[in-house]
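Heads up: the structure comes next, in structure tokens.
The values are calculated or read from the model by the stated rules, or taken from the named source; none is laboratory data. Only a predicted model underlies this, so the values are computations on that prediction, with no experimental measurement involved. Here the Cβ is made from the backbone with ideal geometry for all residues, glycine too, and neighbour counts use every protein chain on show.
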């Protein structure tokens, strides 16, 4: 009898407090290699909290439950160790990093990941060659590589910068928090193509989005509706369509009535 493959990410009964508030109350979720899971839910339901907690943000206190990446205990690792192990988080609102040039920031991160994989570091010349090649399909001007991280960038440029990091770091699991926010049509196409490429290479994705057209184009393996700090319902694209049509409040009322 064949064994069920170990999930790439396995979250069990996760409970997270933020500034004394119980945000995640008992969340369980699995993501397989090459799988795309879309998170939907009302504001404050815990979607972004899940990403921050998995990445190890110090403001997000783990008060119970577990999370493993490729069978390894995520919460036993420091945030930088989680990144080296292949966890990538794209922020909903990517911050500025004044005084740190984008090319140096990404090259430092990439070489840290390469070191953890037993690969040789890239020098500035080889990195720049790779970064130029990855920037072009994303519509990110090469000149921005020499500017401080997100300093003066538009919303769409910030998100493209996140995509550039995703393309170069080639993580095992990517958590994309409203990566479509502020993106134009070409940016959305770039998102879909990059996810397609990395999905084929075995990267798993958790994608937060409220945009039904993007969710449908992603062709997710699963849609998870977060409600009150838990997974209220799991389904496919049909669940996303129902939530988009009825709204979260009516869906919650219907669930209580059932």
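In region 194-208 there is no residue that is touching a helix residue (DSSP H, G or I) at 6+ places or on another chain (Cβ under 8 Å), part of a loop (DSSP other than H, G, I, E, B) and either modelled with pLDDT of 95 or more or surrounded by fewer than 21 Cβ atoms within 10 Å (Cβ to Cβ) (or both). From the list 123, 151, 221, 184, the one residue that fits, being over 30 Å from residue 16 (Cα atoms) and touching a strand residue (DSSP E or B) at 6+ places or on another chain (Cβ under 7 Å), is 151.
Take residue 111 and tell me if it is surrounded by 12 or more Cβ atoms within 10 Å (Cβ to Cβ) and either touching a helix residue (DSSP H, G or I) at 6+ places or on another chain (Cβ under 6 Å) or assigned to a loop (DSSP other than H, G, I, E, B) (or both). No; evaluated as a whole, the condition is false for this residue. Tell me whether region 54-62 contains one or more residues that are within 20 Å of residue 176 (Cβ to Cβ) and either more than 16 Å from the chain's Cα centre (by Cα) or surrounded by fewer than 17 Cβ atoms within 10 Å (Cβ to Cβ) (or both). Yes: one or more hits.
Residue by residue through region 72-89, note down the ones that are touching a strand residue (DSSP E or B) at 6+ places or on another chain (Cβ under 8 Å) and either assigned to a loop (DSSP other than H, G, I, E, B) or farther than 23 Å from residue 28 by Cβ (or both). Passing the criteria: 85, 86. Taken together, 185, 237, 223 contain a single residue that is touching a helix residue (DSSP H, G or I) at 6+ places or on another chain (Cβ under 7 Å) and surrounded by fewer than 19 Cβ atoms within 10 Å (Cβ to Cβ), which is 237. Yes or no: region 220-232 includes at least one residue that is closer than 16 Å to residue 46 by Cα and not in a strand (DSSP E or B). Scanning region 220-232 turns up at least one residue that is closer than 16 Å to residue 46 by Cα and not in a strand (DSSP E or B). Working only within region 126-185, note down all residues that are part of a loop (DSSP other than H, G, I, E, B) and touching a residue at least 60 places away in the same chain (Cβ under 8 Å). Once the filter is applied, which keeps residues that are part of a loop (DSSP other than H, G, I, E, B) and touching a residue at least 60 places away in the same chain (Cβ under 8 Å), region 126-185 yields 171, 172, 178, 179, 181. Inside region 90-107, residues that are more than 15 Å from residue 55 (Cβ to Cβ), touching a helix residue (DSSP H, G or I) at 6+ places or on another chain (Cβ under 7 Å) and in a strand (DSSP E or B) make up a count of 2.
Listed here are the strands (runs of 3 or more DSSP E) enclosed by region 8-54 that have at least 3 residues being within 21 Å of residue 252 (Cβ to Cβ), in contact with a strand residue (DSSP E or B) (Cβ under 7 Å, 6 or more places away or on another chain) and touching a residue at least 60 places away in the same chain (Cβ under 8 Å): 21-31, 36-40.
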